[in-house]
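I have placed the structure first, in the form of structure tokens, so that the comments after it can refer back to it.
Bear in mind these aren't lab numbers, they're just calculated from the coordinates by the rules spelled out. Note that this is a predicted model, so its numbers are computed, not measured. Every residue, glycine as well, gets a Cβ built from its backbone with ideal geometry; the counts of neighbours run over all protein chains shown.
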Amino acid sequence: MPVRVNVGQSTKSLFGTGPDVDQPRASINSSWQLLLERYDIPGRIAREGSVIISADQINTVREARLMAKFDEARAVPPILQQWGIQILPISRGQYILGPYETYQSLDYPKAHPQPIRIPKLDTLNPQDIHSEAEALLFLSNSGVWNTVFGANQVRSTLQGRRASGQFAYSIRRTDGTRQQIQVDNAQIEIDAGYETDDGVYLCEAKNRHVAEIHLRQLYYPFRFTKTLTSKPITPVAVIYTNQTFYISRYQFADPLDYNSLTLDTRFCYTLDPVGIAARDVAAARATMPPPNPGQYANIPFPQADNFALLCRLLEALAQRTMTTHDITAFIGYAPRQTAYYTSAGRALQVIERFYDEGTTVYRLTVFGKRLMHAPLHEQRFLLMKAMMAIPCFYELIPTVLRLRRVPDRAQIIRTMEQHPVLAANTAVTIHRRASTVEHWLGWLVNTIDTWDI
């Protein structure tokens, strides 16, 4: 049984001396640390299995809506990750904390995306999609839903915030056991709901690449909608990033089991049907002069394995300049990762750093702005050329094109050792950063559509 905490309850400190509640409000992580300490939440979970906490209690340190919504596992505050604690809403003003399995990984299709029909509308520009709502509007007007839902007529029927109603479900805990959770009119949000003659489709949309989905975002709307219809209900995840739509249809194998989400079918569409040929990449490399290592003397060698995440950061910077704190919040990693990814962007000459009243701020370079306004195939091609301007990539890409794969680690390291000026000047550093080279070259291989050499 979950144990409820009382505002006046005092507890023994689990973390040493914590910040006083009257002090200025700090980060979400520090705020959760204070709550865990104040109410002995880890200890109570160990003894009772879970803890219920109110929004009012959370609000004493920081606004509850900011403290309780983490769409990706990496965004969960480190102090909660340390204790293996997840948070779920159970009513409009209450949350339950416990060691729950709340996320499910998203697998992206390996096949190249199919071109999508672009409707000719004055007020809906496919080159200017910056929100989940705009992405869903575009799909609704493109005819894609007829294919994804397998129906000639699709009607938009649900959208926005609702009260979940009352229901109970079983959730898997990290130790493999299960727990029953009761929900009583928690607030839910439905990005879009569609109805056909044969079924209902509930969409959860993201306008950026994500590694996993929070099951709550599909499960709670699913249970709410079951009270409205006897038709089969299909949860759908829609990811829009880099001019590409990734659409996954699911089923809940057991409607009473939070963790029973199973993949049905995946679809992938692109707004830019033009592909990239290996012959064109080879020609670009052949016409490039050897890069000047000196221009990288003050930029660390790239140490940012996730090239797709770097592309997402460029998308974000195309909308606004960002501080170090903004980028850390956006990528959802530790602050040092912000340094890695911004340095990687600087090495590619797409991100520049400047200072505004003592604050470090990042923005796109002129080249970066031109890149982000280009069609998708040109974006990718320009990123490949920017990659080639870094000495070790310049030397490795002909081998990649010949092998049609990433060279082995030993060859990558030998090439990196020839350029110690690029802040990769020790054996330990070179071996660690060889991982980034592997991942970036892997992105290049997977991005080439036609191998014609």
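Report the paramagnetic label zone for Asn146: residues of region 175-201 whose backbone N is under 19 Å from a point 7 Å from Cα along the Cα-to-Cβ axis. Residues passing the 19 Å test: 194-201. Extension gain, Asp197 to Thr265: 0.36 nm times the residue separation minus the Cα-Cα distance gives 22.5 nm. Count Lys and Arg as plus one, Asp and Glu as minus one, and take only other residues whose Cβ is under 12 Å from that of Arg346; the net charge is then +1.
Stretched out straight at 0.36 nm per residue, the stretch from Thr426 to Arg47 would grow longer than its current Cα-Cα span by 131.5 nm.
Summarised as an ellipsoid, the chain has semi-axes of 41, 31, 19 Å, derived from the eigenvalues of the Cα gyration tensor scaled by 5 and square-rooted, with the largest first. Working from label points 7 Å from Cα in the Cα-to-Cβ sense, the Ala374 to Ala277 distance is 1.8 nm. Among the GluC sites (Glu not before Pro) within region 299-404, those in coil by DSSP and having at most 16 neighbouring Cβ atoms inside 10 Å are Glu357. With axes computed from alpha carbons, what is the tilt in degrees of helix 335-347 against the longest principal axis of the chain, rounded to the nearest 10 within 0 to 90? Taking Cα atoms only, the helix is inclined about 30 degrees.
Between helix 391-403 and the chain, what is the angle of the helix's C-alpha long axis to the longest principal axis, kept within 0 to 90° and rounded to the nearest 10? Taking the Cα atoms of the chain, the angle to 391-403 is about 90 degrees. Compactness ratio for region 62-161: Cα radius of gyration over 2.2 N^0.38 Å (N = residue count) comes to 1.50. Straightening the chain between Asp254 and Arg155 buys 33.0 nm, computed as 0.36 nm per residue apart minus the Cα-Cα spacing. Summarised in one figure, the compactness ratio Rg/Rh of region 363-438, Cα atoms and Kirkwood Rh, is 1.04. Straight-line cross-link reach from Lys231 at under 20 Å between alpha-carbon atoms covers these aspartates and glutamates, not counting any fewer than eight positions away in the same chain: Asp191, Glu195, Asp197, Asp198, Glu204, Asp254, Asp257, Asp264. Take each peptide in 203-215, 325-337, count the other Cβ atoms within 10 Å of every residue, and average; sorted highest first, the result is 203-215, 325-337. For the residue pairs Lys69/Lys226; Lys120/Lys206; Lys69/Lys369, the alpha carbons lie more than 29 Å apart in Lys69/Lys369. Applying both filters, DSSP loop and at most 14 other Cβ atoms within 10 Å, to the trypsin sites (Lys or Arg not before Pro) of region 43-94 gives Lys69, Arg92. The Glu189 and Lys385 beta-carbon pair, evaluated with R₀ = 60 Å, returns a calculated FRET efficiency of approximately 0.90.
What is the local net charge at Pro273, summed over the other residues whose Cβ is closer than 14 Å to its Cβ (Lys, Arg +1; Asp, Glu -1)? Local charge sum for Pro273: -1. Across the chain, C-alpha contacts under 8 Å between residues 6 or more apart give a mean separation that, scaled by the residue count, equals a relative contact order of 12 percent.
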